[in-house]
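Undergrad: My questions will all concern the structure given below.
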């Protein structure tokens, strides 16, 4: 090798560096997209789990109340007509259930009343029981108001679940409540064979069971996904059939 000749040095050209940088940007973009998709999926699944928990709590509250419809303590002293007199909501003395029907959201309402003795453990629609030291009568009315399932107990409204919907809120929103009332039209007194809306119930004293359907906004639904052809429904519905224990002979 000639002493004056320089050794050639290896390296990357500008084009090679730009190509490598472009490949790196593509990989980084894909990674960020994957992370964002995972975050959205986790958030949606978390909201769905919260919705299921809220639905279970709401149905539990409604079930406890409807099952107790018409109850009164110490039948040797009290009677249904004495403890549950007629008033503006309940047309007949002793009547324990009444409702209203609407075929448009937010849907139907249901009112249930019963009397409890102090310390008997029978709960009202906010999960409390009578501790007054005397017989107390509870009137519980369930309705959907501004995205919330509300119970109005003895004139005071309580939010059970849900939040008022807004443009940027994707939490639990109740959109509708549907109520059907099961009665018997045959000689069998405790077997339901027909369900009626509130406007068609022939005799409120013969209601044996109540079919409750709650509808919520679907946390998995997005307008963008819908525009891209997604088949995810905008709402989710949950249904439960509840037996009125006093009417079913339980």
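The values are calculated or read from the model by the stated rules, or taken from the named source; none is laboratory data. This structure is a prediction, so every number in the text was calculated from the model and none was measured. Note: ideal-geometry Cβ built from the backbone for every residue, glycine included; neighbour counts use all protein chains shown.
Undergrad: Looking only at region 81-94, count every residue that is touching a strand residue (DSSP E or B) at 6+ places or on another chain (Cβ under 8 Å) and assigned to a loop (DSSP other than H, G, I, E, B) and tell me the total.
TA: The total comes to 4.
Undergrad: Looking at 33, 76, which one is modelled with pLDDT under 90, more than 30 Å from the chain's Cα centre (by Cα) and part of a loop (DSSP other than H, G, I, E, B)?
TA: Criteria check complete, one pass: 76.
Undergrad: Just to be sure I understand, how many residues within region 150-169 are more than 20 Å from residue 107 (Cβ to Cβ) and either buried (at least 17 other Cβ atoms within 10 Å of the Cβ) or modelled with pLDDT of 85 or more (or both)?
TA: Going through region 150-169 one residue at a time, the tally reaches 3.
Undergrad: Which condition from (1) without any contact (Cβ under 8 Å) to a residue 40 or more places away in the chain; (2) under 22 Å from residue 178 (Cα atoms); (3) surrounded by 12 or more Cβ atoms within 10 Å (Cβ to Cβ) is the one that residue 69 breaks?
TA: So the condition that residue 69 fails would be (1).
Undergrad: Oh, and also: Listed residues 146, 140; which is on the phi > 0 side of the Ramachandran plot and either at pLDDT 95 or above or surrounded by fewer than 16 Cβ atoms within 10 Å (Cβ to Cβ) (or both)?
TA: 146
Undergrad: Under 6 Å between Cβ atoms, which residue pairs at least 6 apart in sequence (or on different chains) link something in region 183-204 that is modelled with pLDDT under 90 with a partner that is assigned to a helix (DSSP H, G or I) and surrounded by 11 or more Cβ atoms within 10 Å (Cβ to Cβ)?
TA: Going by the 6 Å Cβ cut-off, the qualifying pairs are 190/248.
Undergrad: Run down 109, 116 and say which single residue is farther than 19 Å from residue 181 by Cα, crowded, with 17+ Cβ neighbours inside 10 Å and at pLDDT 90 or above.
TA: 116
Undergrad: I would also like to ask the following. Please specify each residue of region 95-106 satisfying the condition of being touching a strand residue (DSSP E or B) at 6+ places or on another chain (Cβ under 7 Å), surrounded by fewer than 19 Cβ atoms within 10 Å (Cβ to Cβ) and either assigned to a loop (DSSP other than H, G, I, E, B) or without any contact (Cβ under 8 Å) to a residue 24 or more places away in the chain (or both).
TA: Listed by number, the list holds a single entry, 105.
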